[in-house]
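Single-structure report; data block below.
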Amino acid sequence: MANQYLLAIALVAYLALNIGVGLYAARRVKNSSDYLVAGHRLPLFMVVTTTFATWFGSETILGTSSTFIQEGLGGIVADPFGAALCLILVGLFFAVPLYRLKLLTIGDFYRKRYGRDIEVITSVVIALSYLGWVAAQLSAMGLVFNIITHDLISVTGGVLIGVTIVVTYTILGGMWSVALTDFIHNILLVAGLVYITWLITGMVDGGATTVITHAREAGKLNMLPEHNLAGWLGFFGALITLGFGSIPQQDIYQRVLAANTANNARNGAVIGGICYFLFAMMPIYLAYTAFIVNPDMVNAALGEGGDSQMVLPNLIMQNTPVFVQVIFFGALLSAIMSTASATLLAPSGVISENLLSKVYYRLDSRQRVWFIRATVMVFAICVTTYALATDKSIFEMVENAYKVVLVGAFAPLAFGLYWKRASQNGARVSIAFGVGVWLIFEALDYSWSSGTGWSMIGLQHLAAVCPPQLAGFIASVIGMLLGSLIWPNRKGMPQPDDEKIADETILNA
């Protein structure tokens, strides 16, 4: 009982530290640029830590690790492989041209490149995608509070406590809070994971070699799919869900734009992506060691009525002293809060600047900051409601969050940056084709799995071969090409150089 209270007290002190950082960061916020992108003043090391923290949340430590012990590498193609790919691609191909435009949100790019209607459509798509993403973090916080208090705090109560803390320091300091807390969180996270990995490995006869051999013999290290069309399309669809679908996202964009130079924006994203992939392997490895250290616990978690997401927390709680538990749960909360704070701020910026712009632009600088803060609060209420209502796993919520962005926003962004002929009508057709085909294939996929409907004309078989998000992605690219070639921009329509954005800046940056 004393150990239980010690763990809870240590974590309460840590959470109080985060609120203190938020109060300090609030002193740096003078306008909306400070609040949304830290005034473009972050040095490289802070860009790396905050970019690394983009993905390192509940889904990495709890969701991905639990999926691996059930499905192996083939089940986690989206994360960490697709997630790391996303950050590296952002650094190599998107960071510099977007940074040089000096915009506040990713929605601003769509307005300046294609016009107001595309800005609104893509901003809605992007904002809605964050519901599942943030909900996953809140669900994980509720789970952590429930575990460390031994059911004294319910999961629902933990969600409410967690969201209150994260909203408090995010509202206070905006991107400055996100960047500063990410820096502190990641120091604790990395140090904690390295130490715990070393400690748990010491409990296994033969060390890491035994764990890796066990996983290989169990078939968990087979990442490639079955050698048929359906297998490879499924593999590629899972990879691009986060690999491409998360590129047009405000949380990544605000981290890139927060850098103090274009080179730091590029290098920070690439280094952050590489670091993410390397450290994401640690929770996966730790969870699998439970098969050797505590097999009975694993079998209970994987059995009927069990929860595979509890394997790693239970491994720590049942096999390590209390100071190691403090390190682990501190690291876990660090990861969750880093992701949750940024993903609360990101859609709030898009909603205020791009969807409610008629109100937003009538305000002065100070009023704009408070307007965004109010939006953060409203969005937090919405996402908390969703988190408490959904029964999806953490991994499912994260993976599903970016399908709509993949099919509705990626092609207009990529073509808008690198193809001069990309037109407003091309973007419209791309979005219509992408979202439309995705929704049709989702219906077909449901029909196939339930065995009802569509069978008379055999359309179910399409869903059995091609994942809905991949079909939608291909349709969006085709729509962008056809729409732009058939209906090019005409005089009077938005052009790349409207509002002082030159073609050369977009195409050659």
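The values are calculated or read from the model by the stated rules, or taken from the named source; none is laboratory data. On a predicted model such as this, the values are computed, not experimentally measured, just so you know. No Cβ is skipped: glycine too gets one built from the backbone with ideal geometry, and neighbour counts run over all protein chains shown. Ligands, DNA and RNA are stripped out before the accessible areas are found, and what is left, the full protein with its side chains, is counted by its heavy atoms. Shrake-Rupley method; radii C 1.70, N 1.55, O 1.52, S 1.80 Å.
Structure summary
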{"read-out": "Pair list, Cβ < 9 Å and 6+ apart or interchain, from segment 320-337 residues that are open to solvent by less than 10 Å² (accessible area, probe 1.4 Å) to residues that are at pLDDT 75 or above and in a loop (DSSP other than H, G, I, E, B)", "value": "PHE328/THR320; SER334/ALA53; SER334/PHE56; ALA335/ALA53; ALA335/PHE56"}
{"read-out": "Subset of segment 47-80 that is under 23 Å from ALA265 (Cβ atoms) and open to solvent by 20 Å² or more (accessible area, probe 1.4 Å) - its residue that is modelled with the highest pLDDT", "value": "VAL48"}
{"read-out": "Pair list, Cβ under 8 Å, 6 or more apart: segment 291-308 residue modelled with pLDDT under 80, other residue surrounded by fewer than 18 Cβ atoms within 10 Å (Cβ to Cβ) and not aromatic (Phe, Trp, Tyr)", "value": "GLY306/ALA300; SER308/GLN70; SER308/LEU302"}
{"read-out": "Residue match in segment 21-42 (condition: modelled with pLDDT of 80 or more and touching a strand residue (DSSP E or B) at 6+ places or on another chain (Cβ under 8 Å))", "value": "yes"}
{"read-out": "Residues satisfying the stated conditions in segment 155-175, i.e. open to solvent by 10 Å² or more (accessible area, probe 1.4 Å) and either more than 19 Å from the chain's Cα centre (by Cα) or on the phi > 0 side of the Ramachandran plot (or both)", "value": "VAL155, THR156, GLY157, LEU160, ILE161, THR164, ILE165, THR168, ILE171, LEU172"}
{"read-out": "Matching residues, segment 245-270, being within 10 Å of VAL47 (Cβ to Cβ), assigned to a helix (DSSP H, G or I) and open to solvent by 20 Å² or more (accessible area, probe 1.4 Å)", "value": "ASN264, ARG266, ASN267"}
{"read-out": "Check on SER348, touching a Ser or Thr at 6+ places or on another chain (Cβ under 6 Å) and assigned to a helix (DSSP H, G or I)", "value": "yes"}
{"read-out": "VAL90 being touching a strand residue (DSSP E or B) at 6+ places or on another chain (Cβ under 6 Å) and either at negative phi or in contact (Cβ under 8 Å) with a residue 12 or more places away in the chain (or both)", "value": "no"}
{"read-out": "Enumeration of residues in segment 351-403 that are modelled with pLDDT of 80 or more, of a type in the set (D, E, K, R) and buried (at least 18 other Cβ atoms within 10 Å of the Cβ)", "value": "GLU353, ARG368, ARG373, LYS403"}
{"read-out": "Selection count, segment 38-55, where residues are outside any helix (DSSP H, G or I) and over 20 Å from the mean Cα position of the chain (by Cα)", "value": "3"}
{"read-out": "Matching residues in segment 422-435 - criterion: being under 23 Å from PRO467 (Cα atoms) and open to solvent by less than 30 Å² (accessible area, probe 1.4 Å)", "value": "ALA427, VAL429, SER430, ILE431, GLY434"}
{"read-out": "First in segment 15-33 and in a loop (DSSP other than H, G, I, E, B), second anywhere and modelled with pLDDT of 75 or more and surrounded by fewer than 13 Cβ atoms within 10 Å (Cβ to Cβ), Cβ under 6 Å, 6 or more apart", "value": "ASN31/SER365"}
{"read-out": "Counted residues, segment 56-89 - those being outside any helix (DSSP H, G or I) and farther than 20 Å from THR181 by Cβ", "value": "1"}
{"read-out": "Candidate set from segment 1-14 (those that are over 24 Å from the mean Cα position of the chain (by Cα) and either not aliphatic (A, V, I, L, M) or not in a helix (DSSP H, G or I) (or both)); member that is modelled with the highest pLDDT", "value": "TYR5"}
{"read-out": "Single unsatisfied condition, PHE94 versus (1) farther than 19 Å from ALA259 by Cβ; (2) open to solvent by 10 Å² or more (accessible area, probe 1.4 Å); (3) not polar (S, T, N, Q)", "value": "(1)"}
{"read-out": "Scope segment 119-154; condition open to solvent by 30 Å² or more (accessible area, probe 1.4 Å) and either at pLDDT 85 or above or not in a helix (DSSP H, G or I) (or both); matching residues", "value": "VAL120, ILE121, VAL124, HIS150, ASP151, LEU152, ILE153, SER154"}
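Okay, residues lined up against (1) under 30 Å from PRO467 (Cα atoms); (2) open to solvent by less than 50 Å² (accessible area, probe 1.4 Å); (3) in contact with a helix residue (DSSP H, G or I) (Cβ under 9 Å, 6 or more places away or on another chain):
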| site | (1), (2), (3) |
| --- | --- |
| GLY207 | no, yes, yes |
| ILE212 | no, no, yes |
| ALA215 | yes, yes, yes |
| ASN222 | yes, no, yes |
| GLY231 | yes, yes, no |
| LEU239 | yes, yes, yes |
| GLY243 | yes, yes, yes |
